[in-house]
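Here the structure is laid out as structure tokens; the discussion comes afterwards.
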Amino acid sequence: MRTKIVAGNWKMNNNKKESKQLIKDLKKSIKKEKLENTRVIVAPTFVNLSSSLKAAKYSKIEVVAQNMHQAKNGAYTGEISADMLKAIGIKTVILGHSERRTYFNETDESLAKKVDAIIENELETIFCFGELLEDRKSENHFAVVESQLKNALFHLEAGAWKSIILAYEPVWAIGTGETASAEQAQEMHAFIRSIIEKKYNKEVADEVSILYGGSVKPANAEEIFSKPDVDGGLIGGAALNVDDFTGIIKAI
């Protein structure tokens, strides 16, 4: 059975005090939830990782990083290495988020190197990908997604996929006024699983968790999560509100 996952990407939000308070509130809110075969994840900013790990201790909440550099060390001002993250207890890293691709020019090729560093350092990644509005309107969305996966992940050995969580982000459905339906999410997730099976085998395809990252909210979470190939969500804005995030967690 694939693991269900609800991951909150806090992006560049919340100072130290706010991060600790949000984790404290979330711990209290989900304390009585059974959460069988379900992971609850939050991704604070780099400067709040250590304090957030401490705040989440002895709870069901996992704290992960929002990004990582591929090099072991060196003259990369402002960057963070796998060893630095591991040293404070981080085990999972988000890679390839649409904002990283858009604002910081991350490419499939550079992300492939980051993924290699993840595997080499025995970490886990939530790997993000997805098409833009023009790709969807031109009906090129399947080709774009397939290309992103092939270029960044399909060089890996089958065994490495135990360290991969996928997060499909239809960029066109995030802050654009456009809305993605649960059926569209399922259609793409099923396609993703099919190309993984074609490249590797059915076991790898069936075991990888694929999250949906297209403006999930308490109002639509249950319908989206009910789809057979949707294994949870990568949540943005709603993850900053404890009631909204708890509502999404309960929906899974």
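The values are calculated or read from the model by the stated rules, or taken from the named source; none is laboratory data. Small disclaimer: the values here were computed from a predicted structure and weren't measured. Positions of Cβ are backbone-derived with ideal geometry, glycine not excepted, and every protein chain shown enters the neighbour counts.
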Residues satisfying the stated conditions in segment 202-220, i.e. touching a strand residue (DSSP E or B) at 6+ places or on another chain (Cβ under 7 Å), at pLDDT 95 or above and not polar (S, T, N, Q): VAL208, ILE210, LEU211, TYR212
Of the residues in segment 27-52, those that are out of contact with any helix residue (DSSP H, G or I) (no Cβ under 9 Å at 6 or more places or on another chain), closer than 23 Å to ILE165 by Cα, of a type outside the set (S, T, N, Q) and part of a loop (DSSP other than H, G, I, E, B) come to LYS34, GLU36
Give me the pairs, please: first residue somewhere in segment 217-231 and over 12 Å from ALA185 (Cα atoms), second residue anywhere and hydroxyl-bearing (Ser, Thr, Tyr) and buried (at least 19 other Cβ atoms within 10 Å of the Cβ), beta-carbon distance under 9 Å, and either six or more positions apart or on two chains. PRO218/THR246
Identify, from the list LYS24, LYS17, LYS86, the residue that is of a type outside the set (Gly, Ala, Ser), under 20 Å from ALA117 (Cβ atoms), over 18 Å from the mean Cα position of the chain (by Cα) and part of a helix (DSSP H, G or I). LYS86
Scan of segment 53-68 for residues that are under 18 Å from the mean Cα position of the chain (by Cα) and either in a loop (DSSP other than H, G, I, E, B) or buried (at least 19 other Cβ atoms within 10 Å of the Cβ) (or both), ordered by number: LYS60, ILE61, VAL63, VAL64, ALA65, GLN66, ASN67, MET68
